[in-house]
1. From the list Ala90, Ala97, Ala56, pick out the single residue that is aliphatic (A, V, I, L, M), assigned to a helix (DSSP H, G or I) and either farther than 30 Å from Leu37 by Cα or modelled with pLDDT under 65 (or both).
2. Looking only at region 18-43, which residues are more than 19 Å from Glu81 (Cβ to Cβ), surrounded by 13 or more Cβ atoms within 10 Å (Cβ to Cβ) and out of contact with any helix residue (DSSP H, G or I) (no Cβ under 9 Å at 6 or more places or on another chain)?
3. What is the residue count in region 44-55 for residues that are among the hydrophobic types (A, V, I, L, M, F, W, C), surrounded by fewer than 16 Cβ atoms within 10 Å (Cβ to Cβ) and touching a Lys or Arg at 6+ places or on another chain (Cβ under 7 Å)?
4. Provide a single number: the residues in region 3-37 that are more than 15 Å from Val53 (Cα to Cα) and either among the small types (Gly, Ala, Ser) or touching a Ser or Thr at 6+ places or on another chain (Cβ under 6 Å) (or both).
5. For region 1-47, how many residues meet the condition of being among the polar types (S, T, N, Q), free of Cβ contacts under 8 Å to residues at least 40 places away in the same chain, under 18 Å from Arg66 (Cα atoms) and part of a loop (DSSP other than H, G, I, E, B)?
6. What single numbered condition from (1) among the hydrophobic types (A, V, I, L, M, F, W, C); (2) modelled with pLDDT under 95; (3) farther than 19 Å from Arg78 by Cα fails to hold for Met25?
Amino acid sequence: MQKYIVELTIQERDQIKDIVNAHRMAAHKRRHAQMLLKTDQGEHGPNWTDARVAEAFDVSAPSVGRLRQRLVERGLERALEHGNRGSYRAKVLDGEAEAPTSRWRAWLHVWPRQPCVTAESN
C-alpha cells in the first residue's frame, strides 16, 4: 500500500501536461512530470504502480516513491525539481587548514612558467 497518495486535480494535470508538451524544458522536469501523470491515482489518472513507472522510465521504485513524497509534502513545483538538492557534504578543511594547500597550488601553477637562468645565458 502506498504511503503517499497522488491525486492530481484537473488544473494540476493541465499544468503538468503543459510542461510535458513544452518546446523547451529541462529534461529532469519533463521526466518528473511524465512520471507524476502515470502515478496519479485520481479519477482521471492511470494509477500505475511504482514498479511499473520505474520500469517504464528506467529508474528505481524508491525514486518514484520519493517523487510521490515530494509532491505530497512540498507541492508540485518542488516535486518537479531535482530531488536531493541542499544536502551537500560539509567541507573537510576549514579556511585555516586550506590556506597552505592553496599557496602550494598557486606555487605549482606559477613554478613551470619561470624562465631558467643559467651561467651561459648571462
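1. Working: Ala90 fails: assigned to a helix (DSSP H, G or I); Ala56 fails: either farther than 30 Å from Leu37 by Cα or modelled with pLDDT under 65 (or both).
After applying the criteria, what remains is Ala97.
2. Selection gives Gln41 alone.
3. Filtering region 44-55 down to residues among the hydrophobic types (A, V, I, L, M, F, W, C) leaves 48, 51, 53-54.
Checking the rest, the ones that are also surrounded by fewer than 16 Cβ atoms within 10 Å (Cβ to Cβ) come to 51.
Okay, now just the ones that are also touching a Lys or Arg at 6+ places or on another chain (Cβ under 7 Å), so none.
Qualifying residue count, region 44-55: 0.
4. Looking only at that region, the number is 3.
5. Here is the first cut: in region 1-47, the ones among the polar types (S, T, N, Q) are 2, 9, 11, 15, 21, 34, 39, 41, 47.
Restricting the remaining residues to those that are free of Cβ contacts under 8 Å to residues at least 40 places away in the same chain gives 9, 11, 21, 34, 39, 41, 47.
Okay, now just the ones that are also under 18 Å from Arg66 (Cα atoms), so 34, 39, 41, 47.
Checking which are part of a loop (DSSP other than H, G, I, E, B) leaves us with 41, 47.
The qualifying residues number 2.
6. The number of the failed condition is (3).
The values are calculated or read from the model by the stated rules, or taken from the named source; none is laboratory data. Note that the coordinates shown come from a computational prediction; the quantities given were computed from them, not determined experimentally. Counting neighbours? That spans all protein chains shown, and the Cβs are built from the backbone with ideal geometry, glycine included.
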